[in-house]
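Student: Okay, here's the structure, questions in a sec.
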Amino acid sequence: MDALPDTRLGRHVANQLVRSGTAAGPNYDEGRVGESRADFVHKLKIALKELVETNGWLKFIVTAQLLPSVKIDPLRDECDQLCKILISSTLTAKRNFKEPPTPAISNRQSSIINRQSAQIRG
């Protein structure tokens, strides 16, 4: 961030890069202690979105000629690798997630529930 030019654009990009570039780690950490598998997957997806945004800002830095690609390419490569890791982890978690089956209510149970509800309302 300090290597970016001290211009309005350079400061804006630096601020965006700090925001998105530092968000992935805490979201990943929060996902590791998620309340459920779905919560874990959700937090990993948020971390992935932040990394994708970071990669976009890094690409913009080169496109806008704020810094040479030789300085940015290693960072983009690292970001791509982290994205691949999170994508793989998300897919694995989804594949291993098996939702417990919802127990079917028989007609007899349904009629008992309906009678109890009518009595309560009645």
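The values are calculated or read from the model by the stated rules, or taken from the named source; none is laboratory data. The structure displayed is predicted, hence computed values, not measured ones. Positions of Cβ are backbone-derived with ideal geometry, glycine not excepted, and every protein chain shown enters the neighbour counts.
Yes or no, residue by residue, for (1) modelled with pLDDT under 95; (2) surrounded by fewer than 19 Cβ atoms within 10 Å (Cβ to Cβ):
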position: ASP2; (1), (2): yes, yes
position: LEU9; (1), (2): no, yes
position: HIS12; (1), (2): no, yes
position: VAL18; (1), (2): no, yes
position: GLU35; (1), (2): yes, yes
position: PHE40; (1), (2): yes, no
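Student: Please list, ordered by first then second residue, the pairs with beta carbon atoms under 7 Å, 6 or more apart or interchain, first in segment 40-53 and within 19 Å of ASN96 (Cα to Cα), second crowded, with 21+ Cβ neighbours inside 10 Å and of a type in the set (A, V, I, L, M).
Tutor: Going by the 7 Å Cβ cut-off, the qualifying pairs are LEU44/LEU86.
Student: Next question. LYS59 - would you say it is in contact (Cβ under 8 Å) with a residue 40 or more places away in the chain, of a type in the set (D, E, K, R) and part of a helix (DSSP H, G or I)?
Tutor: No: the conditions fail for LYS59.
Student: Just give me the residues in segment 1-47 being more than 22 Å from SER89 (Cα to Cα) and among the basic types (Lys, Arg), in sequence order.
Tutor: Of everything in segment 1-47, those that are more than 22 Å from SER89 (Cα to Cα) and among the basic types (Lys, Arg) turn out to be ARG8, ARG11, ARG19.
Student: If I filter segment 48-59 for residues that are within 16 Å of THR92 (Cβ to Cβ) and over 14 Å from the mean Cα position of the chain (by Cα), do I get at least one hit?
Tutor: No - not one qualifying residue is present in segment 48-59.
Student: What are the residue pairs meeting all of these: first residue in segment 1-30, first residue within 19 Å of SER69 (Cα to Cα) and touching a residue at least 60 places away in the same chain (Cβ under 8 Å), second residue loosely packed, with under 14 Cβ neighbours inside 10 Å and of a type in the set (D, E, K, R), Cβ atoms under 9 Å, and 6 or more apart or on different chains?
Tutor: ALA3/LYS71; LEU4/ARG11; PRO5/ARG11
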